[in-house]
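Only one structure is covered here, and it is reproduced in the block below.
Please treat every number below as a calculation from the coordinates, not as lab data. Everything numeric in this text was worked out from a predicted model, so none of it was measured. Please note: Cβ atoms are built from the backbone with ideal geometry, for glycine as well, and neighbour counts cover all protein chains shown.
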Amino acid sequence: MGLEFNKRLTMAFQPIVDLAGESVFAHEALVRGPQGEGAPRVLVNVGSGEGYAFDQQCRQTAIRLAERLHLPETTANLSINFSPGIVRDPLDSLAKTFNMAEHARLPLERIIFECRDTKWLDVAHTIEVLSAYRAAGVRTGLDNFGPTAASLELLSKFQPDFVKIDMRLVRNIDTDAAKRRVVKRALGWFRDLDIRPICGGVETHGEFAALTDLGVGLLQGYLFARPAFEQLATPRLRA
């Protein structure tokens, strides 16, 4: 489609809250269309072979908007989603990101790259990409974590800085004893591996209470703030 997504790409931002510090830990950049259309409406315009260009455009758009919204002047991090599968040269993929971040006065250590597609990832290639990113000075995270074979194999060979637990494990965790046991076990793995957990998709006070009882300190979801279109949302820090 000839890079049609370039005309249709902007961002919404959803905060991740730090309960201990009663602060915004990070703002996650979420791709949107020009009228606020969700990711599926944008992704449909990404043609075969355009994944790398799309990834670069997402990064630059997220940093440019973060600068415009004065995120670098706060203490919050910027979380950017990416797919390791489309990255062939990790350092080349970071070059433009570094230049944009420098222009925005956003220190590299305040950028977090969240690895998507965790169910279908090529473990060896993903580890190569994440290792290169870490060596370059940026932090990494694993998005939508569930106890799949690929996710567990990756964690046994590479430990990212953060893991975001799949919201399907968070949903109704306060009334589902099996989910609580699964999440509790996963949190034990993360603690042993020195990985900081994030729980997304928190929508109810019951879910919030169950997760804080399990010791989770970084939370994201509608209970705190919905994604804000081209804005940095101010979350409710005390659910």
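Quick look at the numbers
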read-out: Per-pair calculated FRET efficiency, R0 = 25 Å: residue 20 and residue 230 via Cβ, rounded to 0.05; value: 0.30
read-out: The chain: angle of helix 123-135 to the longest principal axis, Cα-based, in degrees nearest 10; value: 80
read-out: Inter-label distance for residue 157 and residue 43, nm, one decimal - labels placed 7 Å from Cα along Cα-to-Cβ; value: 2.4
read-out: Separation in nanometres of the label points that stand 7 Å from Cα toward Cβ, at residue 182 and residue 125; value: 2.8
read-out: Centroid-to-centroid separation of the range 53-129 and the range 196-235 [C-alpha atoms, Å]; value: 22
read-out: Nearest-0.05 FRET efficiency for residue 35 and residue 237, computed from C-beta distance (R0 30 Å); value: 0.50
read-out: Per DSSP, loop GluC sites (Glu not before Pro) in the range 1-81 with at most 15 further Cβ within 10 Å; value: 22, 37
read-out: Relative counts (whole %) of C-alpha pair distances in the chain, using bins that are 5 Å wide; value: 1, 7, 14, 18, 20, 18, 13, 7, 2, 0
read-out: Per DSSP, loop chymotrypsin sites (Phe, Trp or Tyr not before Pro) in the range 99-169 with at most 15 further Cβ within 10 Å; value: 120
read-out: Anisotropy class of the range 1-117 from Cα gyration tensor, a/c 1.5 cut; value: prolate
read-out: Trypsin sites (Lys or Arg not before Pro) restricted to the range 33-103 and DSSP loop, no more than 15 other C-beta within 10 Å; value: 88
